[in-house]
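Structure first, commentary second.
The values are calculated or read from the model by the stated rules, or taken from the named source; none is laboratory data. Source: prediction; values computed, not measured. Positions of Cβ are backbone-derived with ideal geometry, glycine not excepted, and every protein chain shown enters the neighbour counts.
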Amino acid sequence: MAHSDHNGFGARRPPYPATAKPNHSPHPARDPRPHLAPHVAHTLQAKPALPAHAPRAVQRAAAASPHFTGATPANGATLVAAVVATAGGAKLHQVFEVEAAELGSTTVYRQYVRGWYKVNGKDFPDTTGSDKSGPPLDAAKWQEDGTKNNGAYGHRDDMDKKSYYYPHGRKGWANKLATGSCFYCWDEPGIEADLPTETELQFDLAFEGKLLSATGATVASRVWRVRGHARKGGAGWADV
């Protein structure tokens, strides 16, 4: 049947169909424009391109600096000597050790001391150094504990079994090495009574251990104290 584009009132009809026909199907119509649907519309963003030769971050371990290790007395520590009876009287001593590592071939250890000794309550003059051949001990003034070739500690060109350098991981006098990167020493400050009239022993010493660079700058240091006090009574010697 023929149809007219006019609606009878002089107006042109819109092209058929003006709107989508209603969908009576039990299945919803599929959207012909899926790229416009909100639930599927996505904006793809390009990832920034990496440089052709991007540098790789490398974490380097900081070089270890000279430091004390092992049984070295802690900074501020106080070591207390215990009296021991001997055939001739009594011995009031205290041993300590010092160890250091990462010294290279030039960093050195130096030990300084000050303090006093007393026997029967009176000052007892003493000297410094492991062999007691150093300068006289001073109660207030810091001074090196001994001198080179006279019982001092840490001199690379004057080592003995009480003070020596060695290669890393090879501790022992048999492996002593003047250019070794590790250090070890031990000391035994104290006082002895070897006369029947000596009935009281007492001492109080302060030590300062330093690691010194080739230029003499201090790179590490510790200070500790060693003291002891003992008397002889009816039952023999005892700590006070």
Problem - Test: ASP157 is among the acidic types (Asp, Glu), without any contact (Cβ under 8 Å) to a residue 60 or more places away in the chain, under 18 Å from HIS229 (Cα atoms) and exposed (fewer than 15 other Cβ atoms within 10 Å of the Cβ) - result: no
Completion exercise
Among (1) basic (Lys, Arg); (2) more than 22 Å from GLY228 (Cα to Cα); (3) without any contact (Cβ under 8 Å) to a residue 12 or more places away in the chain, LYS122 falls short only on (2)
Problem - Leading residue by the ranking (modelled with the highest pLDDT) among those in the stretch 139-154 that are out of contact with any strand residue (DSSP E or B) (no Cβ under 7 Å at 6 or more places or on another chain) and either farther than 26 Å from ASP204 by Cα or not in a strand (DSSP E or B) (or both) - result: GLY146
Problem - Total residues in the stretch 191-209, condition surrounded by 19 or more Cβ atoms within 10 Å (Cβ to Cβ) and under 25 Å from the mean Cα position of the chain (by Cα) - result: 2
Fill in the blank from the handout: Of the residues in the stretch 92-119, those that are surrounded by 15 or more Cβ atoms within 10 Å (Cβ to Cβ) and part of a loop (DSSP other than H, G, I, E, B) come to GLN94, GLU102, LEU103, THR107
Handout entry: Residue that is surrounded by the fewest Cβ atoms within 10 Å (Cβ to Cβ) [pool: residues in the stretch 173-190 that are assigned to a loop (DSSP other than H, G, I, E, B) and touching a Leu at 6+ places or on another chain (Cβ under 8 Å)]
Key = SER181
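How about the stretch 66-84: which of its residues are assigned to a loop (DSSP other than H, G, I, E, B) and at pLDDT 95 or above?
PRO66, THR72, PRO73, ALA74, ASN75, GLY76, ALA77, ALA81
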Practice task
Consider ASP204 carefully, then state whether it is among the charged types (D, E, K, R), touching a residue at least 12 places away in the same chain (Cβ under 8 Å) and either touching a Cys at 6+ places or on another chain (Cβ under 9 Å) or over 17 Å from LEU137 (Cβ atoms) (or both).
Solution key: no
Handout entry: Given (1) surrounded by 16 or more Cβ atoms within 10 Å (Cβ to Cβ); (2) under 19 Å from VAL113 (Cα atoms); (3) of a type outside the set (S, T, N, Q), index of the condition GLY216 fails
Key = (1)
Practice task
Determine which member of the set ARG170, ARG231, ARG225 is under 24 Å from PRO73 (Cα atoms) and either without any contact (Cβ under 8 Å) to a residue 60 or more places away in the chain or in a loop (DSSP other than H, G, I, E, B) (or both).
Solution key: ARG170
Handout entry: First in the stretch 70-92 and at positive phi, second anywhere and assigned to a strand (DSSP E or B) and acidic (Asp, Glu), Cβ under 7 Å, 6 or more apart
Key = GLY70/GLU97; GLY70/GLU99; GLY89/GLU192
